[in-house]
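The values are calculated or read from the model by the stated rules, or taken from the named source; none is laboratory data. Worth saying up front: this structure is predicted, and the values here are computed from it rather than measured. Cβ placement follows ideal geometry from the backbone for every residue including glycine, while neighbour counts extend to all protein chains displayed.
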Amino acid sequence: MNGRLGDFGLARLHDHGADAHTTHVAGTRGYLAPELTRFGKATKATDVFAFGAFVLEVACGRRPVGFNARGELLVLVQWVRDTWGSGSCSILDTVDPRLDEYAADEAELVLKLGLLCSHPLPVARPSMRLVMRYLDGDLPLPEFSPEYLNITDVDQVL
């Protein structure tokens, strides 16, 4: 038996009948794509972002938003990006420490896919169709560096 997520619904809008430019965004911070909070328009790319944040939450065993030991805001997506990008840590250092055993290659795939799905630029995020192909092993996940995840200029992605 395979479990499935349905009606993801993490990025939703109040006043569904209203113009998308005047609606208020509702959802859990940490799952909301930057463009959704800025422009208030839900798209397939904002759902992909939410899926990426969810995948990271499961793999890391952390809430999407919390506070660090110093009481500073910690956004999970950014924490995984920063930890991997620091150069002193492996992406596997972000895996939930409560996991006794796991397949490192699968954990790396899930973490990198979560980061790719939660890329700051919507055009850099894969479609959910591609996400499924990566997870099923039908396609290899494209190689990318931590620096790629911080690109905010569309011309650098295309």
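For segment 93-140, give me the residue count where each residue is farther than 22 Å from GLN78 by Cβ, of a type in the set (Asp, Glu) and either touching a helix residue (DSSP H, G or I) at 6+ places or on another chain (Cβ under 6 Å) or modelled with pLDDT of 95 or more (or both).
Number of matching residues: 4.
Please identify the pairs in which a residue from segment 109-130 that is within 15 Å of GLU57 (Cα to Cα) has its Cβ atom under 6 Å from the Cβ atom of a residue that is crowded, with 18+ Cβ neighbours inside 10 Å and modelled with pLDDT under 95, counting only partners at least 6 apart or on another chain.
LEU115/LEU149
Which residues, taken from segment 104-158, are assigned to a helix (DSSP H, G or I) and among the β-branched types (Val, Ile, Thr)? Lay out the reasoning, then the answer.
Of all residues in segment 104-158, those assigned to a helix (DSSP H, G or I) come to 104-117, 122-124, 128-136, 146-150, 154-157.
Correct list: VAL110, VAL123, VAL131, VAL154, VAL157.
Sort out which residues of segment 129-153 are among the aliphatic types (A, V, I, L, M) and either in contact with a Gly (Cβ under 6 Å, 6 or more places away or on another chain) or surrounded by 15 or more Cβ atoms within 10 Å (Cβ to Cβ) (or both), and write them in order of number. Steps first, please.
So the first thing to find is which residues in segment 129-153 are among the aliphatic types (A, V, I, L, M), and the list is 130-132, 135, 139, 141, 149, 151.
Those that are among the aliphatic types (A, V, I, L, M) and either in contact with a Gly (Cβ under 6 Å, 6 or more places away or on another chain) or surrounded by 15 or more Cβ atoms within 10 Å (Cβ to Cβ) (or both): LEU130, VAL131, LEU135, LEU141, LEU149, ILE151.
Is segment 76-87 home to any residue that is under 25 Å from PRO34 (Cα atoms), of a type in the set (A, V, I, L, M), buried (at least 16 other Cβ atoms within 10 Å of the Cβ) and in contact with a strand residue (DSSP E or B) (Cβ under 8 Å, 6 or more places away or on another chain)?
Taking every residue of segment 76-87 in turn, at least one turns out to be under 25 Å from PRO34 (Cα atoms), of a type in the set (A, V, I, L, M), buried (at least 16 other Cβ atoms within 10 Å of the Cβ) and in contact with a strand residue (DSSP E or B) (Cβ under 8 Å, 6 or more places away or on another chain).
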